[in-house]
Amino acid sequence: MDHKAAAVVGGGIMGAGIAQVLARNGYEVRVREIDEELATEARERVVSGNYGLEDAVEGGYLSEDEMESVLERLTFTTDLDEATVGTEFVIEAVTEDLAIKGQVFRDLDEVTDDQPLYSNTSGFSVTSIANAVSAPSRVAVTHFFNPVPIMSMVEIVQAPETDEAVVERAEELVDELGKTSVTIDDDPGSYGFIANRCHAAMREEAQKIVDEGIATEEQVDKALEEGYNLPVGPFSLRGIGEEWD
């Protein structure tokens, strides 16, 4: 097995970011998408999307030659078997839909051997995802934050059944990528881990303050940004791409 080979299933914003970071750190990365059009879009996202390789070159973080070397380590395919064969681990980064993730993990169960299977879910229970696999012990969560090339935090979530070696490998990977991790236990009764649960509570209280006429959205954002040094308040964050339920 090639120690530096990994698969990423799903080439959207998160998957493309994860693939880019892995490839920039020396991994041969196979990105699997469900059709050729999406595979092409995934490659374009890695190269020219926000925080993509071209941005890294423009910002002086990569040379043109280094970018070409990164691209040589990236493969985009529609074949799940081809994507995963010989890899040390697989990271699932498909849309945040439990039914879709469940099907992906059932498919992975058929084409992989005993390598760790990680989900980039931002809040689904590890247990609910691992139930799709015959050996739940090899499943854990590695929740990267968006944009992956920029953000440092990765939440690692383990279920009671998760093998200790699977968790340790995730922690080693995060260190290898130059990022920071927190490792926590699964909570099947809730949605979200540390950051999203805390942020959701803040958003709910912020909305109550506005609904009760105590302050405007702009005032809430200003108070939180200036009072707690938040880079962006909850309402401004929603305005730049985050959707609230």
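Restricting to DSSP H runs of at least four residues, report the calculated mean residue ellipticity at 222 nm for the chain, -39500 (n - 2.57) per run over all residues, nearest 500 deg cm²/dmol. Each step should come with its number before you reach the end.
Details: 11 runs with 113 residues, N = 245.
Result for the chain, helices only: -13500 deg cm²/dmol.
What net charge is computed for the residues neighbouring Gly26, neighbours being all others with C-beta under 10 Å from the C-beta of Gly26, Lys and Arg scored +1, Asp and Glu -1?
Charge balance near Gly26 sits at +1.
Could you check how much of the accessible area of the chain is carbon and sulfur, as a whole percent, using a 1.4 Å probe?
48
Output the antiparallel fraction of DSSP beta bridges having both residues in the chain, as a percent to the nearest 5.
Details: 4 of 29 bridges.
For the chain, the DSSP antiparallel bridge percentage is about 15.
Just to be sure I understand the model, the point goes 7 Å from the Cα along the line to the Cβ. What's the resulting Ala201 to Val85 distance in nm?
The modelled label-to-label distance comes out at 4.9 nm.
Before I look further, what does region 5-185 give for accessible area per residue, probe 1.4 Å, in whole square angstrom?
Dividing the accessible area of region 5-185 by its residue count gives 43 Å².
Excluding Ala56 itself, calculate the net charge of residues whose Cβ lies under 10 Å from the Cβ of Ala56, where each Lys or Arg counts +1 and each Asp or Glu counts -1.
Once all neighbours under 10 Å are counted, the net charge is -3.
With Cα extents along the principal axes in Å as the read-out, I listed (1) 59, 45, 32; (2) 53, 40, 37; (3) 47, 40, 39; which label goes with the value calculated from this structure?
So the structure-derived entry is (1).
Could you calculate the contour length gain from Glu176 to Glu164, that is, 0.36 nm times the residue separation minus the distance between their Cα atoms, to one decimal place in nm?
This chain segment gains 2.5 nm when fully extended.
Provide the FRET efficiency to the nearest 0.05 for the Ser134-Glu54 pair, computing r from the beta carbons and using R0 = 51 Å.
Numbers: r = 42 Å, r/R0 = 0.82.
FRET efficiency, Ser134 to Glu54: 0.75.
Starting with the highest mean, order 180-190, 142-152, 95-105 by the number of other Cβ atoms within 10 Å, averaged over the residues of each peptide.
Going from most to least packed, we get 142-152, 95-105, 180-190.
In percent, what relative contact order does the chain have, based on Cα pairs under 8 Å that are 6 or more apart in sequence?
Numbers: 416 pairs, mean separation 38.4, N = 245.
In percent, rounded to a whole number, it is 16.
Given a 1.4 angstrom probe, what's the average accessible area per residue across region 194-244, in square angstrom? Intermediate results must be reported in sequence, preceding the final value.
Values: 3590 Å² over 51 residues.
Heavy-atom SASA per residue in region 194-244 reads 70 Å².
The values are calculated or read from the model by the stated rules, or taken from the named source; none is laboratory data. The shown structure was predicted, so the numbers you read here are calculated from the model rather than taken from an experiment. All Cβ positions, glycine included, derive from the backbone under ideal geometry; neighbour counts span all protein chains shown. Remember, those area values only see protein heavy atoms, side chains included, never the ligands or the DNA or RNA. Shrake-Rupley method; radii C 1.70, N 1.55, O 1.52, S 1.80 Å.
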